[in-house]
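To start, the structure under review is shown below, and the notes come after it.
What follows draws every value from the coordinates through simple rules; no lab data is involved. No experiment lies behind these values; they were computed from the predicted model shown. Cβ atoms come from the backbone with ideal geometry, glycine included; neighbour counts cover every protein chain shown.
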Amino acid sequence: MNSKLVTAALCLLLAPLLLGAGAPCHAAQADIQDLRIGLNPGRTRIVFDLSGPARYHLSSNEERSRVTLEFPSATPGFDHRAVALRGTPIARIRTTAPPEGGVRYIFDLRQPVEPEAFALKPYLSRGHRVVIDLHKVSPAAADTAAAADTGAPAGERSRTVRAPSAITPQSATSIPNPVSEGLAGDWSGSLSLDTRLFFGDAAYAGQDRQNASVAFQPEYFIDWDQGRQRFAFTPFVRYDANDEERTHADIRELFWRMERDRLLLKAGVSVVFWGVTESQHLVDIINQTDFVENIDTEDKLGQPMLNLEYLSDGWGTFSAFVLPWFRERTFPGSDGRLRTQPPVDTGDPLWDSGDEEKHIDYALRWSHFIGDWDFGLAHFTGTARTPLLIPAGTAAKPVLRPLYLQIDQTSLDVQATTGAWLWKLEALYNANKVEDYFAAVGGFEYTWFGAGDGPADIGWLLEYNYDERGEGLQVALQDDLFAGVRLSGNDVAGTRVLGGLTVDLDNGSTFGNIEAARRLGDSWTVTVEVRTFFDTDRDDPLHFFRDDDYIELELERYF
Amino acid sequence: MALVLVAAAQTGPAAAEQPAETVQSDGAAAVEQPAATAQSDTARGLAIAREADRRDQGFGDTTADLTMALQLSPTDRVIRTMRQMVLEVEGDGDKSIMVFDRPRDLKGTAILTFSHREGNDDQWLYLPALKRVKRISSADQSGPFMGSEFAFEDLASQEVEKYRYRYLRDEMLDGEPTYVVERIPVDPNSGYSRQVTWIDKSEYRLRRIDFYDRKGDLLKTMTLGGYRQYLDRYWRPDTMAMTNHQSGKSTLLRFDNYRFRTGLSDSDFSKGALSRIR
């Protein structure tokens, strides 16, 4: 066995113990295992395969005819003379041993190049690597560099793109390269802190006037097979100071996906959005709403699914879903604001199907666009995502029990985009054993670009919501008009505001909503949400929220 | 019509109505003529634009990483990073996707554009938080891109048909002989009354653009630099520096990791693909 390998293995095992003890196991003790050369259009790529991470330093002579890569503390474990150089711009490879240790590779070139070096982390079958790209140089390009420098803003002139004598590893690796072979798994996510301040006293016992809550959503994904396969994992967790039902965790995504030509197969937990309108998401049915998150129904629970999608040649996209497990809607607990009275008892749902949550649902969707028209036609058969709420419990402790019906729902969503106008329509027919119904929402969004000759855009929205079932506590939007204004600042902070009123034309119940957000620096956003409910009619679901006017401040950190 | 930066630097990849050989000979002839009349200036300007366009045909597809440095004041600089994929479409404008990596709250947000030689482009926006793909209006592209000094239209696919041209003069720019050509946007919603472009004679590369606002005043200057040649034919700049003369702010756009003919196809530029990029 190679003694260096043994040393490396020992170092891995003992590193935690030796830290702080002047350990000899510096990450630098990497072996240079191989050197590969690849020819690409416009550049030659030299790849060093390493047994571990190693520091390196790239330099070139003034004529750019010689490039040197130094590893201050790595050792060569292969014979560089065996590397084939035919067809490459490299005339010869030499090595020297600097007195302070390590190894120096010198590449003598047949023509001037522009070298660039960067490190790659282990990915699939490849381990740690250091790459030198030798870019082809032409005399014209060199001249252009001078021109560019004169025009560059102050502070950018020192950029080391043109014939650098030394590119530091930092400068070369700080730039993300999505398509490089080195793309490994990607972690990101966000942590948010929010507080809701209610303007009025609580309507029901147990509720508080203010609330604080924290949520965390990391996201991980890794692609392989040249990006044709992906694994993704997005857990979510929230802690709420008041409402134990709002303190919850979920898996938003946990899936494997494969693409082959025009076919796509996805298995696991995922989120899918359908629809075009803003005042409600009528036809969006694959995922259950995470209602404790926000009453805007835009937060969704992860849905287990098997999804096969086919992108046809000229006939749009066909998508089929098998949904083997039903997710129940979340509702606030008795201590939470923005709840029904009596509260919903999520622990004791009623089921139309004897299979309960194990009922297998199916969905098909065809979506396409022709010119200015985007449309989707879908059918869903299975368990309704929106439950009916059935009074139950005892006189002393009444509750509402969610009833999940079996439904057959056919839906259409259309958007016509003509100039600054977006015309939108969502419509569905829902067949079930209680009451079949038709529902629709339609309207427009008109954008005034560069409003008042400034940088911002202002959009005007108007949408009408209809539901055949008519007035009642089960249907919020049955004859309701939504009018709104959207502001897009187009500024560095990405300021955006959406404000609107939804008025019930039957009974006058009104919901007012303002959402405003902007960025703070590179990684933070602040969001303000104001919701008011007024003139609520006793027969309108908004009546439950009549005392729940609130302002929410949310600070979110992205990483 | 946004974001085909690659093409922006090259005065457009689309084929002209005539076969390439014809365009080339027309172009060469027109370029050599002395500018005698207004009409010949127009023809000569168009010929230069077509020749630049012709030289960029056939690139197939490209990907690149973009870093945008917004210089808001001498001490305040903001960085944006994006990735771009472009697919050349025969007989029409390019298809492109731009994915945002930074700022981090926009990570995964992506824009798909089918640019067209005539009329508005088709454009979709992907919002990763909602997993929602939204068709958006491309009617007016004069607004700032991400708060930078670049307007959306500066970054759009620069099809020959989107401007009317007029040759102005020959000029030395930083020691290089160039054609100076004025171009007037056909789109009535453009934020510019006209642009003056400097195109080098040796390779027909766009080297500088002066942008004049709707009132006719000089608004911005863009300088393109660090050109490199790929596949022995296609020139791409490493930097596009935009200076706003009216506000004093500037934005530097840098391109890294250009790749050509990476095997992208139509299906990589669909609404579904947009939502899967990440």
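Dipole of chain B, Cα-centred, from +1 at each Lys and Arg C-beta and -1 at each Asp and Glu C-beta, to the nearest 20 debye?
So the dipole magnitude of chain B works out to roughly 1140 debye.
Pick out, from A:Gly302, A:Gly333, A:Ser319, the residue whose Cα sits farthest towards the positive end of the charge dipole of the stretch A:297-341, with +1 on the Cβ of Lys and Arg and -1 on the Cβ of Asp and Glu.
My answer, from the dipole projection, is A:Gly333.
Within 10 Å of each Cβ of B:252-262, how many other protein chain Cβ atoms are there on average?
4
In peptide B:234-242, how many Cβ atoms from other protein chains are near each Cβ within 10 Å, on average?
4
Run the dipole for the protein assembly as shown about the Cα centre, Lys and Arg Cβ at +1, Asp and Glu Cβ at -1, nothing else charged, and hand back the magnitude in debye, nearest 20. Show your work: numbers first, answer last.
Values: 91 positive and 123 negative charges, 821 e Å.
So the magnitude is around 3940 debye.
Rounded, prolate or oblate for the stretch A:429-558? Axes are the square roots of the Cα gyration tensor eigenvalues, ordered a ≥ b ≥ c, and the cut-off for rounded is a/c under 1.5.
Taking the square roots of the gyration eigenvalues as a ≥ b ≥ c, the stretch A:429-558 is prolate.
When you count, for each residue, the other Cβ atoms within 10 Å and take the mean per peptide, how do B:39-50, B:118-129 rank with the highest first?
Result, highest mean first: B:39-50, B:118-129.
Going Cα to Cα from B:Lys215, which lysines come in below 26 Å? Please leave out same-chain ones fewer than 8 positions away.
Straight-line reach from B:Lys215, under 26 Å: B:Lys162, B:Lys249.
What's the extension gain from A:Leu254 to A:Asp506 if we count 0.36 nm per residue and subtract their Cα-Cα distance?
Computed gain between A:Leu254 and A:Asp506 is 86.3 nm.
Averaged over B:99-111, how many beta carbons belonging to a partner chain fall within 10 Å of each residue's beta carbon?
5
For B:Lys107, give me every one of the lysines with a C-alpha distance below 19 angstrom, ignoring sequence neighbours fewer than eight places off in its own chain.
B:Lys131, B:Lys134, B:Lys271
Taking H as built 1.01 Å from N, whose amide H comes closer than 5 Å to the amide H of A:Val344, not counting residues under 5 places away?
It is A:Leu400, by chain and number.
Could you grab the relative contact order for the stretch A:494-559? Cα pairs under 8 Å, six or more apart, rounded to a whole percent. Walk me through the numbers on the way to the answer.
Details: 135 pairs, mean separation 19.4, N = 66.
Once divided by the residue count of the stretch A:494-559, the mean separation gives 29 percent.
Tell me, what ³J(HN,Hα) does each residue in the stretch A:462-472 have, in order and in whole Hz, if you take phi through Karplus 6.51 cos²θ - 1.76 cosθ + 1.60 with θ = phi - 60° and put x for Gly and Pro?
So the J values, rounded to whole Hz, are 9, 9, 10, 10, 10, 9, 5, 5, x, 4, x.
Arrange the peptides B:154-161, B:219-226, A:511-518, B:137-144 so that the one whose residues have, on average, the most other Cβ atoms within 10 Å appears first.
B:154-161, B:219-226, B:137-144, A:511-518
From the helices alone, meaning DSSP H stretches of at least four residues, give me the mean residue ellipticity at 222 nm for the protein assembly as shown, per-run term -39500 (n - 2.57), in deg cm²/dmol to the nearest 500.
Values: 7 runs with 75 residues, N = 837.
Only helices count here, giving -2500 deg cm²/dmol.
Given a Förster radius of 51 Å and the C-beta distance between B:Lys215 and A:Phe444 as r, what FRET efficiency does 1/(1 + (r/R0)^6) yield to the nearest 0.05?
Efficiency, rounded to the nearest 0.05: 0.95.
How do the peptides A:85-94, A:287-296 rank, highest first, by the average count of neighbouring beta carbon atoms within 10 Å per residue? Mind showing how you got there, number by number?
Working: A:85-94: 13.8, A:287-296: 19.9.
Top of the packing list down: A:287-296, A:85-94.
Using alpha carbon centroids, what distance separates the stretch A:209-255 and the stretch B:129-150, in Å?
27
Using a/c under 1.5 as the rounded threshold, could you call the stretch B:42-123 rounded, prolate or oblate? The axes a ≥ b ≥ c are square roots of the C-alpha gyration tensor eigenvalues, and prolate needs a/b larger than b/c, oblate otherwise.
It comes out prolate by the Cα gyration axes.
Could you tally up the Lys pairs in chain A with alpha carbons closer than 22 Å? Skip any pair fewer than 8 positions apart unless they're on separate chains.
For chain A, the number of qualifying lysine pairs is 5.
Say the dipole of the protein assembly as shown comes from +1 at the beta carbon of Lys and Arg and -1 at that of Asp and Glu; which of A:Pro89, A:Leu481, A:Leu264 then lies farthest toward its positive end?
A:Pro89
Does the protein assembly as shown come out rounded, prolate or oblate by the C-alpha gyration tensor, with a ≥ b ≥ c the root eigenvalues, rounded set by a/c under 1.5 and, if not, prolate when a/b is larger than b/c and oblate if not?
oblate
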